[in-house]
Structure formats: structure tokens, C-alpha cells
């Protein structure tokens with residue numbers, strides 16, 4: 001309870017950061033090599049709602065991976081976009097989703113050239129990223145903005161042996177649940193933008209969707225999670241994964 005503070009002098013303001021929160025977000029952006037990174041205290045859900053609201057328009061087609069999280073569906077409903085669902089491919093042995101294939105995305109873009117945004121989910125709940133790099137690059141070659149719900153991939157950048165992160169694949173906006181795969185408290189998440197100019201499009205929407213009294217405990221845990229993965233490095237993460245597998 002002693003750690004549960006509010007916007008007092010010296011503690012900064014999540015919605016207009018100029019002090020310690022700004023410094024923590026800057027360190028996160030440097031670590032993930034993004035144009036800007038923003039702290040979320042409402043999980044990836046609030047990040048998904050904000051990125052969709054910033055870049056999607058009513059009655060304009062948006063190409064959307066069919067097996068996205070419900071928060072993506074809710075955001076699309078609120079905005080009133082014309083959704084073009086594209087089905088992922090599935091592993092023949094397990095029946096699990098492998099993400100959208102390049103062939104499927106190519107067909108969708110050819111059929112809906114007026115679409116300006118592609119919304120993907122990667123990795124799947126079971127860690128599969130499929131053809132994420134080829135899909136992202138093809139969308140960008142066709143002048144589409146790529147938004148990715150990477151809720152289960154906040155750790156992927158930390159080791160080359162992990163599947164490719166959508167950030168490294170070239171996505172424009174990426175949302176990550178730090179509380180899922182990093183040691184952050186529940187509801188702690190990051191929103192990354194490749195182009196720093198996009199930060200100014202998203203922050204007003206975060207102000208609308210996030211609490212005006214954000215949890216400083218969650219924000220501190222986001223900073224600590226970033227420091228952990230940056231300082232501990234991949235060797236300990238690999239050791240932890242090995243122990244989990246053995247148990």
C-alpha cells in the first residue's frame with residue numbers, strides 16, 4: 001500500500017509525462033528500438049483500442065486476422081469500420097493457428113485495395129508466428145499500415161533463438177502484454193510505435209481509454225520488467241525456459 005501513489009509533485013503524469021514516467025518510457029523505447037513506447041495500465045486491451053481508434057476510420061475497409069483477441073473486435077465495432085476478415089492457416093497435426101499466410105494476405109489486398117490498415121495477432125497463444133515477416137513486409141510494400149496485437153510476445157526480441165517479433169518484422173504499431181511473458185504486474189503492457197510522429201496520434205486515445213488515476217505500482221513493474229530483460233539477458237531466460245520444460 002505504501003507504493004500505491006498518485007500524481008503528486010515529482011511523480012509525473014502518465015497522460016502528459018515529463019519526468020520519471022517519461023524517462024522510463026524512453027528507456028523502454030531504447031530497449032525495444034522503437035520510435036516511442038508507452039506504458040499501459042489496462043493491459044493490451046486498452047492498447048488495442050487506442051491503436052485502432054488512432055488509425056482506423058468508419059466505413060473504411062480494414063483487413064483483420066480472424067482469430068484476433070476480443071478487444072480488437074470491440075474496437076472495430078466501436079469505430080464502425082468495414083471489416084474484411086482473413087482466416088489464418090492451421091497446423092495439420094495440432095490444428096493450431098499459424099497466423100495469416102502471405103498468399104491469403106495478397107488475395108485480400110488485391111480484392112480490397114482501398115483498405116489502409118492490416119490488423120494481425122502474433123504470436124499465437126501457443127507461440128507460433130508463421131510468416132509474420134513476409135506478411136508485414138508485403139503489407140507495407142502496398143502502403144498499408146500494420147497494427148499487431150503481440151500480447152504474448154514481449155520477450156521475443158530478447159533472444160535470436162525465439163520466434164521473430166513483429167517489431168523486428170517491421171510492424172508500425174505493436175501492443176505487448178508485459179504481464180504475460182515478462183515479470184510485470186497484471187494489466188501492465190506496452191504500446192510501441194515505429195514512427196515517433198505516430199505517438200501524438202495515439203496518446204490522446206490512451207487518455208480517453210485509460211484511467212485518469214493510473215496505478216503507479218503497475219507502472220513501476222513495467223519499468224522493472226524492462227530492466228530485468230535488458231540486464232539479465234537471454235542466458236537466464238533460456239535457463240528458466242529449460243527448467244519450466246523439465247518440470
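Derivation of every value follows stated rules applied to the coordinates shown; laboratory data play no part. Here the structure is a predicted model, which means the values were calculated and not measured. Note that we place each Cβ from the backbone using ideal geometry, even for glycine, and neighbour counts take in every protein chain shown.
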Please arrange 90, 209 by counting, for each residue, the other beta carbons lying within 10 Å of its beta carbon, fewest first.
90, 209
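Estimate the FRET efficiency between residue 137 and residue 23 by the formula 1/(1 + (r/R0)^6), using the beta-carbon distance for r and 35 Å for R0, to the nearest 0.05.
Efficiency, from the Cβ-Cβ distance: 0.60.
For the chain, what relative contact order do you get, as a whole percent, if you take Cα pairs closer than 8 Å and at least 6 residues apart?
24
Which whole-number percentage describes the relative contact order of the stretch 120-214, with Cα contacts under 8 Å and a sequence gap of 6 or more? Write down the numbers at each step before the final one.
Details: 137 pairs, mean separation 22.3, N = 95.
The value is 23 percent.
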Determine one quarter of the surface area of the Cα convex hull of the chain, which equals its mean projected area, and express it in nm² to one decimal.
14.0
For the stretch 167-228, what does the relative contact order come out to in percent, with C-alpha contacts under 8 Å and a separation of six or more?
37
Grab the DSSP H runs of the chain that are 4 residues or longer, score each as -39,500 (n - 2.57), total them, divide by all residues and round the 222 nm result to the nearest 500 deg cm²/dmol.
-12500 deg cm²/dmol
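Mind ranking 23-29, 38-44 by how tightly packed they are, going by the mean number of other C-beta atoms within 10 angstrom, highest first?
Most protected by this proxy first, the peptides run 38-44, 23-29.
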Segment residue 77-residue 200, extension gain: residue separation times 0.36 nm, minus the distance between their alpha carbons
41.9 nm
Max mean-square fluctuation residue, GNM over the chain, Cα-Cα springs under 10 Å, options 134, 59, 201
59
Tally the DSSP beta bridges in the chain and give the antiparallel ones as a percent, rounded to 5.
40
Among 121, 213, 71, which one moves the most in a GNM of the chain with springs linking Cα atoms closer than 10 Å?
213
Taking only Cα atoms and a 10 Å spring cutoff, compute GNM fluctuations for the chain and point out the largest among 148, 118, 217.
217
Between residue 110 and residue 7, what is the label-point separation in nm under the 7 Å Cα-to-beta-carbon projection?
5.1
